[in-house]
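Student: The structure follows.
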Amino acid sequence: MSTAANPAFERQQAGTLVARLSEPRRFLQIVAGARQAGKTTLVGQVLSRLDIPSVFVSADEPTVGDTAWLAAQWERGRLAATDAGKAGAVLVLDEVQKIPRWSETVKRLWDEDSRARRPLKVVLLGSAPLLMQQGLTESLAGRFEVVHLPHWSFAEMRAAFGFSLEEYLYFGGYPGAAPLIKDPQRWRRYLLDALIETTISRDVLLMTRVDKPALLRRLFELGCRYSGQVLSYTKMLGQLQDVGNATTLAHYLELLGGAGMLTGLQKYAGKAVRQRGSSPKLQVMNTALMTAQSGLSPNEARADREFRGRLVESAVGAHLANAAAGGTCDLFYWRERNREVDFVVRAGRTVIAIEVKSGRAPGAFPGLGAFAEAFKPKRTLLVGGDGISLEEFLTKPVEHWLQT
């Protein structure tokens, strides 16, 4: 397998961004996604395809940190737009959420340009979708469009790096770590130090209030260990040996989900009030987070039937959860007494139920029948075993399974 990225590879969101930046009108474009989703690379590819000048700057420097710097960079973009005439220019601000009160400054500068009719198009990049969203909703409502970059899918890792299905299950969808997979120990250290620790310490703890940072870290570790399982908040607190409460854990799960790491799926009940009150099903957003935390080698992970079963189910869940994070659908699980459905996907009025035959589940799936009788989904799907192959399911976008 080649570990060198294909230089011609381009994520599908690049086409969307090129089309928007090629429009004559000006607008504020947000490119948001988890750390290492390829935001900077994608925007660099897009800029190389445009016929208008651009200014690219990053706020991810130790000396950067105030709104005066942001205003100065914006002025550079204005000068480029003036020099270009009617064609205008593009200003790209990377890691903009690192600047305190960035959204208020962007709003002021954007509104000034609107009044002056300056042909400056602006692209903001950010590593933590939740934190970006807070700034957007507080100050920039009605002024922006969003391109969401999820973790890399199996199809993308296969196209860019030649990943096999087994390699994707273990090493997940982090393109920056792909060249290290021939040395699993080095790959693991990279995941733990450069991705997991950096995301928690720089994208979450330093940028939002967390009263119990040690609890958040332990919750993340617990979520990786129990990905694919339903745990009540009471059981989580018992496992974490903390005197916190369910509200705190739910908030921390939201923060970890916003950073593209771990989410808690709610129970599907057809009524939002019951969904919010349910015990969450823990779900990693990238299976690499599970394997790096486990300490198991690739061979050990394959040989451990219980772990591999959870890895398979979590890979399906991560595929669905990343689509949900991008607004394609809503994602739930379902359980009633001893009957369960692994995943329930809802898009508008379309509902589908998905059961994963991971090797650790029983051969019969009474939950699918019970769910179908209670909620009349559009279709029920079995992934693995004598159903849809895992490779086929992970290769196709979630929209494929929702189609009429």
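Student: Which of the residues that make up segment 279-321 are in contact with a strand residue (DSSP E or B) (Cβ under 7 Å, 6 or more places away or on another chain) and of a type in the set (Lys, Arg)?
Tutor: Lys281 - this is the single residue of segment 279-321 that is in contact with a strand residue (DSSP E or B) (Cβ under 7 Å, 6 or more places away or on another chain) and of a type in the set (Lys, Arg).
Student: Could you grab me the full set of residues in segment 276-311 that are touching a helix residue (DSSP H, G or I) at 6+ places or on another chain (Cβ under 7 Å) and either crowded, with 24+ Cβ neighbours inside 10 Å or in a strand (DSSP E or B) (or both)?
Tutor: Leu282, Gln283, Val284, Met285, Asn286, Thr287, Ala288, Leu289, Met290, Thr291, Ala292, Leu311, listed by residue number.
Student: Is there a residue being more than 19 Å from Phe144 (Cβ to Cβ) and either assigned by TED's automatic domain parsing to the domain that holds Leu140 or under 25 Å from the mean Cα position of the chain (by Cα) (or both) anywhere in segment 101-111?
Tutor: There is no residue in segment 101-111 that is more than 19 Å from Phe144 (Cβ to Cβ) and either assigned by TED's automatic domain parsing to the domain that holds Leu140 or under 25 Å from the mean Cα position of the chain (by Cα) (or both).
Student: Suppose we filter segment 197-208 for residues that are under 17 Å from the mean Cα position of the chain (by Cα) and either part of a loop (DSSP other than H, G, I, E, B) or among the polar types (S, T, N, Q) (or both); how many remain?
Tutor: 2
Student: Then there's this: If the requirement is being assigned to a loop (DSSP other than H, G, I, E, B) and either closer than 21 Å to Leu136 by Cβ or out of contact with any Leu (no Cβ under 8 Å at 6 or more places or on another chain) (or both), which of these qualifies: Ala37, Ala19, Ala32?
Tutor: Ala37
Student: Tell me, please, whether a residue that is among the hydroxyl-bearing types (Ser, Thr, Tyr), closer than 18 Å to Val398 by Cα and touching a Pro at 6+ places or on another chain (Cβ under 9 Å) can be found in segment 149-156.
Tutor: So far as segment 149-156 goes, yes, one or more of its residues are among the hydroxyl-bearing types (Ser, Thr, Tyr), closer than 18 Å to Val398 by Cα and touching a Pro at 6+ places or on another chain (Cβ under 9 Å).
Student: Starting from segment 223-245, take each residue that is part of a loop (DSSP other than H, G, I, E, B) and list its partners that are among the β-branched types (Val, Ile, Thr) and modelled with pLDDT of 90 or more, counting only C-beta distances under 8 angstrom and pairs at least six apart or across chains.
Tutor: Short answer, once both residue conditions are applied: Ser227/Val284.
Student: Among (1) surrounded by 22 or more Cβ atoms within 10 Å (Cβ to Cβ); (2) within 22 Å of the chain's Cα centre (by Cα); (3) part of a strand (DSSP E or B), where does Arg346 come up short?
Tutor: (1)
Student: Residues that are under 18 Å from the mean Cα position of the chain (by Cα), assigned to a helix (DSSP H, G or I) and assigned by TED's automatic domain parsing to the domain that holds Leu70: does segment 180-196 have at least one?
Tutor: no
Student: Residues of segment 70-112 being in a helix (DSSP H, G or I) and among the basic types (Lys, Arg), which ones?
Tutor: Arg76, Arg78, Lys86, Lys98, Lys107, Arg108
Student: Can you tell me which residue among Leu331, Leu320, Leu368, Leu402 is touching a residue at least 60 places away in the same chain (Cβ under 8 Å) and surrounded by fewer than 22 Cβ atoms within 10 Å (Cβ to Cβ)?
Tutor: Of Leu331, Leu320, Leu368, Leu402, the one residue that is touching a residue at least 60 places away in the same chain (Cβ under 8 Å) and surrounded by fewer than 22 Cβ atoms within 10 Å (Cβ to Cβ) is Leu402.
Student: Return the residue satisfying two criteria in turn: it lies in segment 184-222 and is among the polar types (S, T, N, Q), touching a residue at least 24 places away in the same chain (Cβ under 8 Å) and surrounded by fewer than 22 Cβ atoms within 10 Å (Cβ to Cβ), and of such residues it is nearest to Ser297 (Cα to Cα).
Tutor: Filtering segment 184-222 for residues that are among the polar types (S, T, N, Q), touching a residue at least 24 places away in the same chain (Cβ under 8 Å) and surrounded by fewer than 22 Cβ atoms within 10 Å (Cβ to Cβ), the one nearest to Ser297 (Cα to Cα) comes out as Thr198.
Student: Right, something else. If I go through segment 246-255 residue by residue, how many of them are over 13 Å from Pro280 (Cβ atoms), free of Cβ contacts under 8 Å to residues at least 40 places away in the same chain and not hydroxyl-bearing (Ser, Thr, Tyr)?
Tutor: Going through segment 246-255 one residue at a time, the tally reaches 0.
Student: Inspect all residues belonging to segment 352-365 and state whether any of them is in a helix (DSSP H, G or I), among the charged types (D, E, K, R) and under 30 Å from Lys182 (Cα atoms).
Tutor: So far as segment 352-365 goes, no, none of its residues is in a helix (DSSP H, G or I), among the charged types (D, E, K, R) and under 30 Å from Lys182 (Cα atoms).
Student: So which of Arg78, Arg49 ends up being surrounded by 13 or more Cβ atoms within 10 Å (Cβ to Cβ), at pLDDT 90 or above, out of contact with any Leu (no Cβ under 8 Å at 6 or more places or on another chain) and among the charged types (D, E, K, R)?
Tutor: Result: Arg49 is the single residue among Arg78, Arg49 that is surrounded by 13 or more Cβ atoms within 10 Å (Cβ to Cβ), at pLDDT 90 or above, out of contact with any Leu (no Cβ under 8 Å at 6 or more places or on another chain) and among the charged types (D, E, K, R).
The values are calculated or read from the model by the stated rules, or taken from the named source; none is laboratory data. As the structure is a prediction and not an experimental result, all values here were calculated from the model. Every residue, glycine as well, gets a Cβ built from its backbone with ideal geometry; the counts of neighbours run over all protein chains shown.
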